[in-house]
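Structure record follows, encoded as structure tokens.
No value in this document is a laboratory result; all are computed from the given coordinates. Fair warning: this is a prediction, and the values are worked out from it, not measured in the lab. Cβ coordinates were reconstructed from backbone atoms using ideal geometry, including for glycine residues, and neighbour counts include every protein chain displayed.
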Amino acid sequence: MVSEGFPEVGVIGLKGAWKRSFWRLILLALGLSGLLLYGLPVVRHLEVLIPMGICPLARRPLRDNFTGPLQPWARPEVLTCTSWGAPIIWDGTFDPDVAQQKAVEQNLTIGLTVFAVGRYLEKYLERFLETAERHFMVGQRVVYYVFTERPAAVPHVPLGPGRRLRVERVERERRWQDVSMERMRTLHEALGGRLGREARFVFCMDVDQHFSGAFGPEALAESVAQLHAWHYHWPQWLLPFERDARSAAALAPGEGDFYYHAAVFGGSVAALRGLTAHCARGQRQDRARGLEARWHDESHLNKFFWLHKPAKVLSPEFCWSPDIGRRAEIRRPRLLWAPKEYALVRA
């Protein structure tokens, strides 16, 4: 005897498949028309039409050890939580005063690491540190770790009470790609040394950006991933994961939740030790096979976060590219990308 519920399930499945096919056709049409008529940038103005989804937990309050109660329903136009229950932090979903108090109660020291190698040091480091002093974890104890091959060239930036700067020497790599990929191994070693003893939570950031708004304790969690500003509207099947099955960073079709940006990631010392060990190991395996992931350490980071879901996801407000232009959902950017002058800094 056939259950009466079966036809309904079939209808729901057909509706889901129809919706997926519909959006794929829309995206294909937008992409082709944009490329043919105006060039790729026009697609960026149209991608806001792609819905981000609705938080499945939005009807009940979420709590976080670093923010207190969260209000996922306060931003109905964007996705405010993941399918596994992690909050996606947008302006308006938390109370910054409560987050500040929660961090003070926990008596935290927070680390911030940055690599300034080659011309990146002169071009970006001073502004990065100056703006961090104005906006990064203000009111908290902070230790900056600058990794560079020229410690004497690190600029002197006045620091507030309870904030310190450490400079760690690293070797200058032959290629910029190697600088990017070697940082996972270097970070793993630092987290097992003085950095891991000094700080309870650590953020790892790229130097070619600057702070433009409050980047506070609301960003803290056991493990923290950053939604990539250029990809947060795109459906999973279009995201630029590593697809070469020979690579340790490879994700098969259908795998991957979001595309995360390696310019910002963080978490507890223990969680970051696990992340950096995973990425460094994967890069070693790829080198032994004569491979290099498409987006280097970022590809391996995305593989890690697919296997080990982040406890918190930061919205693109926390790391935004002005080249994308204005977006209604980006109310208060925290970090802004600097103009990419690769011909100059990677020479």
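Sort 321-334, 77-90 by packing, meaning the average of other beta carbons within 10 Å per residue, with the highest value first.
77-90, 321-334
Per residue and in Å³, how big is the convex hull formed by the alpha-carbon atoms of region 190-251?
Spread over its residues, the Cα hull of region 190-251 gives 173 Å³ apiece.
What whole-number volume per residue, in cubic angstrom, does the convex hull of the C-alpha atoms of region 167-322 give? If you can, show how the numbers build up before the last one.
Details: hull volume 19.1 nm³, N = 156.
Taking the convex hull of the Cα positions in region 167-322, it is 122 Å³ per residue.
Would you please report the Å³ per residue occupied by the convex hull of the alpha carbon atoms in region 87-153? Don't skip to the answer; put the middle values down first.
Working: hull volume 8.1 nm³, N = 67.
Spread over its residues, the Cα hull of region 87-153 gives 121 Å³ apiece.
Determine Rg/Rh for region 253-347; Rg is computed over alpha-carbon atoms and Rh is the Kirkwood hydrodynamic estimate from the same atoms.
On the way: Rg = 15.6 Å, Rh = 15.5 Å.
Reported Rg/Rh (Cα atoms, Kirkwood Rh): 1.01.
For region 236-309, take N as its residue count and report Rg(C-alpha) divided by 2.2 N^0.38 Å.
Its radius of gyration relative to the 2.2 N^0.38 Å reference: 1.04.
Evaluate the relative contact order of region 52-153 (contact order divided by residue number), counting alpha-carbon pairs under 8 angstrom at least 6 apart; express in whole percent. Walk me through the intermediate numbers first.
Details: 125 pairs, mean separation 24.0, N = 102.
Reported as a whole number, the value is 24 percent.
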